[in-house]
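Values in this text are rule-based calculations from the coordinates and carry no lab data. From a predicted model like this one, the values you see are computed outputs, not experimental measurements. Cβ coordinates were reconstructed from backbone atoms using ideal geometry, including for glycine residues, and neighbour counts include every protein chain displayed.
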Amino acid sequence: MFVHIIHLPVTTGIQPGQQPWLGVPEIDIGNTDLIEAKRLPPSLDTRSQRREITLPTGKFIVPQAHSIDDNGPTASMHLLDESATLSIGERLAKALPDRLTIHLIGDLGAGKTTLCRGLLRGLGYLGKVKSPTYTLVEPYKDSRIVVYHFDFYRFTDANEFLEAGLDEYFEGSGIRLVEWPERAQPFLPEADLEIRLQIDSGGGRTLTLLPLSPEGRKCLQNLDSS
Ligand SMILES: Nc1ncnc2c1ncn2[C@@H]1O[C@H](COP(=O)(O)OP(=O)(O)OP(=O)(O)O)[C@@H](O)[C@H]1O
Ligand SMILES: [Mg+2]
């Protein structure tokens, strides 16, 4: 078993404005075979409601693919080098359902595209995986499951997400990998799984997996038993 998930009791709430991932302890375990986890307070979840956003052009409803009652466990691991990032991407590929939205969050150069590259490789895609920084989206239809890889870094206004008609990619089956999801907020549909990558002072990366839906939780469980 690669992933060890520990369920911890919830003892404290989160203050307004506090980011839940900051509560995940930084772990330096030196390899990707061990994961430490904690359960986040269920009170953070507000996604059982539909999000309605009023624009000058009318009302826009952000589709809610799921409703959840519990955020479930998070998992963290240290990735020593690029090959470790590729490797966790490949393992994640084996744990995926046919439909999932993953938000990848991290600074420039944190390893988001590298992880997507590993994931696509794990799905059997053998071609080149380019960063979609300029194209906004790269579709992969030759992999075991259709994958859409987005990068919203260049957005100066979140409205560009709607103007480019990218919301349509979030309907139906397929895996959606989104780099810089925060730049398309509040229009981007919610993630099933959030992946955070942090650059460590030693040069490696800390990866945190945060499931945000039953599908995301299942994915983490599959990873745990892989
Ligand atoms: N675990 C790791 N340890 C050290 N370097 C890594 C690790 N994972 C990836 N890298 C390296 O980090 C660099 C940047 O990776 P990548 O392009 O995937 O980042 P990114 O998060 O997609 O950046 P951007 O925000 O610009 O799209 C690459 O040179 C890659 O090899
Ligand atoms: Mg990238």
* Structure fact -> Per-residue Cβ contact counts at 10 Å, fewest first, order Ser76, Ser131, Ser83, Ser143 as Ser83, Ser131, Ser143, Ser76
* Per the Debye formula with a single identical scatterer at each Cα and no solvent contribution, what log10 I(q)/I(0) holds for the stretch 157-226 at q = 0.12, 0.16, 0.18, 0.19 Å⁻¹? -> -0.43, -0.71, -0.85, -0.90
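Suppose the chain between Tyr153 and Asp81 were pulled fully straight at 0.36 nm per residue; how much longer would it get relative to their current alpha carbon spacing? Display every interim value, and only then the final one.
Numbers: separation 72, 0.36 × 72 = 25.92 nm, distance 2.36 nm.
Length gained between Tyr153 and Asp81: 23.6 nm.
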* To do: Measure off 7 Å from each Cα along the Cα-to-Cβ vector at Glu182 and Glu168, then give the distance between these two points in nanometres to one decimal.
  => 3.0
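As a footprinting exposure proxy, order Tyr140, Tyr134, Tyr153, Tyr169 by other Cβ within 10 Å, with the fewest listed first.
On the way: Tyr140 21, Tyr134 9, Tyr153 15, Tyr169 18.
By the 10 Å Cβ count, ascending, the order reads Tyr134, Tyr153, Tyr169, Tyr140.
How would Arg176, Arg91 line up from fewest to most surrounding beta-carbon atoms within 10 angstrom? Present the calculation step by step, with values, prior to reporting the outcome.
Details: Arg176 23, Arg91 18.
Least crowded to most crowded, the residues run Arg91, Arg176.
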* Structure fact -> Taking placed amide H atoms and a strict 5 Å upper bound, the residues 5 or more places from Leu177 or on another chain that come that close are Ile102, Tyr148, His149, Phe150
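Taking R0 as 30 Å, what FRET efficiency do you get between Lys94 and Lys128 from their Cβ-Cβ distance, rounded to the nearest 0.05? It would help to have the intermediate numbers written out before the result.
Working: r = 22 Å, r/R0 = 0.72.
Given R0 = 30 Å and the Cβ-Cβ separation, E is 0.85.
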